Amino acid sequence: MTNGAERITHTPGVCGGKACIAGHRIRVSDVVVWHEQMGMTPDQIVNEYPSITISDVYTALAWYFDHVDEIHEEMRSERARVEEFRRGHVSILESRLRDLALAQC
């Protein structure tokens, strides 16, 4: 039987070195978002991502509760990168909608 430390990995070049379920590209933070923010049950997560097991989901959640500050920092950092990207890039959809609105004036 393996313990949680063996089932959660940090591998450079895989998911940015973030904590992942071993053998998968599913980050602990993904499981946290699905469960804590989207309200998915562990069974729903496994139904949506059948390559992982219910045990994997519970291991990821247990790892999260042991490393809350680390995971929250990863999530804050990722949100900041997304916002920075959005500020520097115009949405194609927004641009087209703006052009349509101007054309109708």
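Each reported figure results from applying straightforward, stated rules to the coordinates on display, with no laboratory input. Being a predicted model, the structure only gives us computed values, none of them experimental. Counting neighbours? That spans all protein chains shown, and the Cβs are built from the backbone with ideal geometry, glycine included.
Quick rundown of the values:
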{"quantity": "Other-chain or far-sequence residues with amide H under 5 Å of residue 22's (modelled H)", "calculated": "8, 9"}
{"quantity": "Cβ-derived FRET efficiency at R0 35 Å, residue 51 paired with residue 97, nearest 0.05", "calculated": "0.40"}
{"quantity": "The chain - charge dipole about Cα centre, Lys and Arg +1 at Cβ, Asp and Glu -1, debye rounded to 20", "calculated": "440"}
{"quantity": "Packing-based ranking, highest mean first, of 92-105, 45-58 given that Cβ atoms within 10 Å are counted", "calculated": "45-58, 92-105"}
{"quantity": "Normalised per residue, the volume of the convex hull around the Cα set of the chain (Å³)", "calculated": "145"}
{"quantity": "Angle in degrees between helix 92-104 and the longest Cα principal axis of the chain, rounded to the nearest 10", "calculated": "20"}
{"quantity": "Calculated from backbone phi, Karplus (6.51, -1.76, 1.60) coupling profile of the stretch 29-45 in Hz, x at Gly/Pro", "calculated": "4, 5, 4, 4, 4, 4, 7, 7, 9, 9, x, 6, 7, x, 4, 5, 4"}
{"quantity": "Nearest-ten-degree value, helix 68-88 long axis tilted from longest Cα axis of the chain", "calculated": "20"}
{"quantity": "Relative contact order of the chain, pairs being alpha-carbon contacts under 8 Å that are 6 or more residues apart, as %", "calculated": "20"}
